[in-house]
Every structure is written in structure tokens, then in C-alpha cells.
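Trainee: Here it is, the structure in full.
The values are calculated or read from the model by the stated rules, or taken from the named source; none is laboratory data. Keep in mind that what you see is a predicted model, and the values were worked out from it rather than measured. We place every Cβ from the backbone using ideal geometry, glycine too, and count neighbours over all the protein chains shown.
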Amino acid sequence: MNKLQRQRLTFTCLTLLTVGIPAVAQEKPEPAKLSKTMTLTGCLNKGERPQHYTFTDLKTGRKMTVTGPADLEKHSGNHTVKITGARTGDVFDVTKVEHVSPTCEAKSAK
């Protein structure tokens, strides 16, 4: 390899390193963030899948699938509960559950 070929090879390698390193070092995009934390009161019942429950909001009558701590199971017999958590996709992830009443009657969704 002559001097000119070595210089071209060195220049090419340095160019690739200069362009390639910043591309590799870029931060990966953050996954979709959870929606903000909220607290809802409503009726909790067993869902169609294990560890998934149906929650009916007392104010709106809107139904949603919730999942979370093991405490949800003992309140899943149509109890009124206050749940705190955040929505991720189609599921509301409960971080805290408070028992309000052993019975529940939600209005129908509009």
C-alpha cells in the first residue's frame, strides 16, 4: 500500500468514526410515558382474564380493564373502591386500592 492509499484509508476511517460515533451515542427514544396518575371511585368486578378486573366509574358509568396489586382480588365482588394509578394503553394500572363499600351500583354509560 503506497502513501496516498494509506492517507485515503486513514481519512475514510476517521470520517466513518466521526459520523458513526454520534449516531451510536444518541439516546434511544423514551417509551411512551404513562399518563398522569389519577384516582377514580367505582365498582370493581372480576375480569375475563386472570389478574384483570372490570372497573366501572361511578361518575361516568364508563367501564375499563384494570390490573394491579393482589388487593384487587378481595374487592372484585362488585365492591365500591377508590383506585389510584395510571392508564397504559387499554389498561389502567392500579398502584393503590381503597375499599369504600361492600356493594356498588354504577350508573350506565352515556
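Trainee: Out of curiosity, is Thr80 assigned to a strand (DSSP E or B) and within 15 Å of Thr60 (Cα to Cα)? First the steps, then the outcome.
Mentor: Working: assigned to a strand (DSSP E or B): yes; within 15 Å of Thr60 (Cα to Cα): yes.
Yes: the conditions hold for Thr80.
Trainee: Okay, next question. Does Arg87 satisfy the condition of being modelled with pLDDT under 95, of a type outside the set (Gly, Ala, Ser) and in a strand (DSSP E or B)? Break it down stepwise before answering.
Mentor: Details: modelled with pLDDT under 95: yes; of a type outside the set (Gly, Ala, Ser): yes; in a strand (DSSP E or B): yes.
Yes: the conditions hold for Arg87.
Trainee: Quick check on region 70-89: of everything there that is under 17 Å from the mean Cα position of the chain (by Cα), surrounded by 14 or more Cβ atoms within 10 Å (Cβ to Cβ) and not hydroxyl-bearing (Ser, Thr, Tyr), which residue is nearest to Cys104 (Cα to Cα)?
Mentor: Within region 70-89, the match that is nearest to Cys104 (Cα to Cα) is Ile83.
Trainee: If you don't mind, another one. Pairs under 8 Å by beta carbon, first residue under 19 Å from Thr67 (Cβ atoms) in region 87-110, partner basic (Lys, Arg), six or more apart or different chains?
Mentor: Qualifying pairs under 8 Å: Asp93/Arg87; Val97/Lys82; Glu98/Lys82.
Trainee: Mind checking which residues of region 75-97 are of a type in the set (D, E, K, R) and either in contact with a Gly (Cβ under 6 Å, 6 or more places away or on another chain) or more than 19 Å from Lys46 (Cβ to Cβ) (or both)?
Mentor: Let us first name the residues in region 75-97 that are of a type in the set (D, E, K, R), namely 82, 87, 90, 93, 96.
Residues satisfying the conditions are Arg87, Asp93, Lys96.
Trainee: Could you check how many residues of region 1-49 are of a type outside the set (Lys, Arg), surrounded by 10 or more Cβ atoms within 10 Å (Cβ to Cβ), at pLDDT 60 or above and within 30 Å of Ala86 (Cα to Cα)?
Mentor: Residues that pass the stated criteria total 11.
Trainee: Assigned to a strand (DSSP E or B), farther than 22 Å from Pro102 by Cβ, hydroxyl-bearing (Ser, Thr, Tyr) and modelled with pLDDT under 95 - does that describe any residue in region 52-60?
Mentor: Here is the first cut: in region 52-60, the ones assigned to a strand (DSSP E or B) are 53-57.
Pick out the ones that are also farther than 22 Å from Pro102 by Cβ and you get none.
No, every residue in region 52-60 fails to be assigned to a strand (DSSP E or B), farther than 22 Å from Pro102 by Cβ, hydroxyl-bearing (Ser, Thr, Tyr) and modelled with pLDDT under 95.
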